[in-house]
Amino acid sequence: SQVYPKKSLNYLIALVLGLVLPVVYILGKDYFNDKIIERKDIEKMTNLPILGHIIHNNKETGLVVSESPKSSIAESFRSVRTNLQYLTQGKQQQTILVTADMVGAGKTFVSINLACIFAMYDKKTLLMGFDLRKPKIYQDFGLTNTEGISSYLINKSSYEDIVQKSPVQNLDIIMAGPVPPNPAELIASERNDELMAKVKNDYDYIIIDTPPVGFVTDAFLLMKYTDANMFLIRQNYTNKKVFESIIKDVENRKMSNVYLLVNDVKLGKGSYGYGYGYGYGYGYG
């Protein structure tokens, strides 16, 4: 009879390796991964409510809602708009702040398209670029940044001078303006109280784009004016440890009306459960 190789031993080794190696790979991949991927990653670190999720943008334009109103990403912004209306108990006038823990989470992209989706709701909407340190909104709309919030706060520009009409109907924009040396002090000034009082009197919905709270305190200073504060988490980008540290700080400050929004969610294979609600054949792509 055959002495070598021993088939039964080889089959046993193959079976063990076939079971052990995939388990080690899966557990190791999860252990060494430091990015937020699944919903449960967020729920382990905080009890703050998840407002919704924004689909990955595969188009070249940042104004995807206004240019592709029937796309799935536009529908995800509509879902966020509806959820916000429930959470703010249907208030006719709302001020919504958008921030994140780090640069690159997509704050400006979400702010622009959220403003567009409210404007398409036939409401007077204002987008405010309160990222005074790194203005970007004017680039997407093809407008100027020579005057804005910073020039108004130092009494160099009037209120009428800084409000610009956008190509989107019902949407006005106030740019950040020239970069000042003291953004936090300007935001905390009485002049900013006057500005916020004026815009709340003129507009139904106000969307505020802010710097990341992981670096500067600007967003925290603006939260006293808001009805809802949206904290962005970018799937497969936001660092777990950084997010946990900052979100605990937010919770310790006992700030009200803070909601989480998951951005850049990729559907299909590997979507990890985020891709529900857009596959029912309603013509959204």
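The values are calculated or read from the model by the stated rules, or taken from the named source; none is laboratory data. These figures come from a predicted structure and were not determined experimentally. Because the Cβ atoms are built from the backbone with ideal geometry, glycine has one as well, and the counts that use them run over all protein chains shown. SASA here: full protein model, heavy atoms, side chains in, ligands and nucleic acids out. Shrake-Rupley method; radii C 1.70, N 1.55, O 1.52, S 1.80 Å.
Here are the numbers:
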read-out	value
Positions within the range 27-55 being over 26 Å from V65 (Cα atoms) and of a type in the set (V, I, T), in sequence order	I42, T46
Helices (runs of 4 or more DSSP H) contained in the range 37-126 and holding at least 3 residues at negative phi and open to solvent by 20 Å² or more (accessible area, probe 1.4 Å)	39-45, 72-87
Test set (1) open to solvent by less than 20 Å² (accessible area, probe 1.4 Å); (2) touching a strand residue (DSSP E or B) at 6+ places or on another chain (Cβ under 7 Å) - M196 fails condition number	(2)
